Amino acid sequence: MIIVMKSSVLPDSEEVRGVVRLAESYPDVHTEVSAIQGATRSLTEVYLIGATGTISEEQFEEFAGVERVIRIRERYRSIGRHEGQAEALGFEYNGLNFSQDSFHLFPGLCAVDTRENVEAMFRALEEHGIETTRAGAYKPRTSPYDFQGRGSECLPYLFELAGKYGIKVISMEVLTAGQIEDVDLALEEAGRPTGVMLQIGTRNAQNFELLKEVGSQKEYPVLFKRGMGITLEESLNAVEYVASSGNHKIIFGLRGMKTNLGDPHRNFVDFAHVPVIKRLTRLPVCIDPSHSVGKREVSPDGLLDIFHVTAQGVVAGANMVIVDFHPNPGEALCDGPQALLIPELEHFIRDAQLVRSTYEERLKLRERFAR
Ligand code: PEP
Ligand code: MN
């Protein structure tokens with residue numbers, strides 16, 4: 001059960017304490033108080049956890065500070081969009097807003113390799129007004145003999161260059177709790193010239209201990225990439241670990257599903273799930289066309305498959321696109337064959353923006369026909 005407080009009611013107010021006291025007077029019920037940053041307003045929610053089946057809604061509705069009481073059927077109670085819950089779960093990070101209405105492109109390196117390539121990438125992003133990127137320092141590789149990422153040693157120059165070129169957020173995968181600390185320490189030592197979004201890769205989608213670690217720190221937002229071989233329901237329950245550990249700054253990422261039924265693409269593109277995630281949860285949705293398609297094939301109309309699937313996700317309302325670029329893909333130590341080239345950056349940005357404006361037009365059209 002969720003008790004949604006009126007927007008003027010703060011988490012440490014007497015009204016909230018009254019709700020908590022009443023809830024905890026029931027045996028086997030405990031509570032969590034959560035400050036929610038919605039897209040348009042912030043509010044406080046009290047979660048009742050445990051044996052809530054026989055508790056009636058009415059006694060909570062009588063509190064002056066309570067806006068609404070929601071009974072939850074789904075198991076992912078804090079990320080879920082439950083009946084009557086219109087508020088999306090947006091958040092601010094390093095001056096940028098992320099919600100189910102926002103739109104950000106994160107073009108960048110799959111993996112950091114050299115300082116020169118990082119600088120070439122960031123310079124191109126700055127030239128095109130992009131302040132958000134991806135850059136992997138820790139890479140989860142299928143074989144132990146493959147390049148494992150530069151690790152913590154590349155962080156000082158990565159963050160320094162991010163500051164130099166006006167990058168505000170770098171999406172970066174972490175595989176262990178220790179790596180979260182290393183990122184934090186390196187950012188601190190660099191004077192926090194940029195921000196980091198902690199990426200949970202598809203291979204760690206059910207690494208529950210790691211999910212609890214990224215969830216119990218509240219500084220960095222989390223990009224959770226859907227598990228490639230589990231159901232959507234299982235991924236939603238997994239990402240709930242992040243929220244239930246205390247961090248609500250979460251973006252849900254789609255990156256394709258592992259199955260030969262998606263051949264010749266690397267993964268079966270799952271961007272039809274963009275509106276599904278927006279309906280089932282209150283989280284912003286990211287698409288990763290690079291890891292979905294996995295190659296630079298061109299269709300007869302002259303557009304790369306990567307451009308086409310990006311368009312498919314964006315026209316359906318995706319809020320974020322994470323996409324691999326590399327200044328010299330032939331030299332890339334990870335995922336070179338799927339990297340877009342720096343001279344393709346402007347075309348990619350314009351194509352994605354064109355499709356985003358089409359999505360916005362579709363919303364206007366819907367409004368016209370709803371009247
Ligand atoms: C990545 O984004 O670098 C990555 C490894 O993606 P995924 O976890 O989706 O395979
Ligand atoms: Mn990759």
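The values are calculated or read from the model by the stated rules, or taken from the named source; none is laboratory data. Not measured: the values here are computed from a predicted model. Using ideal geometry, Cβ is built from the backbone for each residue, glycine included, and neighbour counts are taken over all protein chains shown. For the accessible areas, the whole protein counts, side chains as well, though only heavy atoms, and no ligand, DNA or RNA atoms are used. Shrake-Rupley method; radii C 1.70, N 1.55, O 1.52, S 1.80 Å.
Data table
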| quantity | calculated |
| --- | --- |
| Options F325, Q148, L187, ranked by Cα towards positive dipole end of the chain, top entry (Cβ charges) | F325 |
| Residue-by-residue Karplus 3J(HN,Hα) for the range 44-61, coefficients 6.51, -1.76, 1.60, Hz, glycine and proline x | 10, 10, 10, 9, 9, 10, x, 7, 9, x, 9, 7, 8, 5, 4, 5, 7, 5 |
| Loop-located GluC sites (Glu not before Pro) in the range 3-72 whose Cβ has at most 10 other Cβ within 10 Å (DSSP) | E62 |
| Difference of contour (0.36 nm per residue) and Cα-Cα distance, E219 to I49 | 58.7 nm |
| Accessible-area composition of the chain, carbon plus sulfur, in percent [1.4 Å probe] | 51 percent |
| Loop-located trypsin sites (Lys or Arg not before Pro) in the range 278-363, at most 16 other Cβ atoms within 10 Å (DSSP) | K295 |
| Separation of alpha-carbon centers, the range 207-240 and the range 139-200, rounded to whole Å | 19 Å |
| Aspartates and glutamates with Cα under 12 Å of K249, excluding same-chain neighbours fewer than 8 positions away | E92, E219, E240 |
| Cα-only radius of gyration and Dmax that characterise the range 223-315, units Å | 14.0, 48 |
| FRET E, pair E92, R366, Förster distance 30 Å, beta-carbon r, rounded to 0.05 | 0.60 |
| Helical mean residue ellipticity (222 nm; -39500 (n - 2.57) per DSSP H run of 4+; nearest 500) of the chain | -10000 deg cm²/dmol |
| The range 7-41 versus the range 44-67: alpha-carbon centroid distance in Å | 9 Å |
| 1.4 Å probe accessible area per residue over the chain, in Å² | 43 Å² |
| Among T40, T310, T176, residue whose mean-square fluctuation peaks in a GNM of the chain (springs only between Cα atoms under 10 Å) | T40 |
| Helix 305-314 axis, angle to the chain major axis (alpha carbon atoms, nearest 10°) | 20 degrees |
| Computed magnitude of the charge dipole of the range 4-154 (debye, nearest 20; Cβ of K, R +1, Cβ of D, E -1) | 460 debye |
| Candidate lysines for bridging to K295, where Cα separation is under 16 Å - those fewer than 8 sequence places away on the same chain excluded | K258 |
| For the range 60-180, average projected area of the Cα convex hull in nm² | 11.5 nm² |
| Whether the range 2-89 is rounded, prolate or oblate, judged on the alpha carbon gyration tensor where a/c under 1.5 counts as rounded | oblate |
| Principal axis dimensions, the chain - Cα atoms, whole angstrom, descending | 65, 52, 38 |
| Inter-probe distance in nm under a simple model that places probes 7 Å from Cα toward Cβ, at R68 and T259 | 3.4 nm |
| Computed lengthening from E24 to T358, 0.36 nm per intervening residue step minus Cα-Cα distance | 115.3 nm |
| Cα long-axis angle, helix 177-189 against the chain (0 to 90 degrees, to the nearest 10) | 70 degrees |
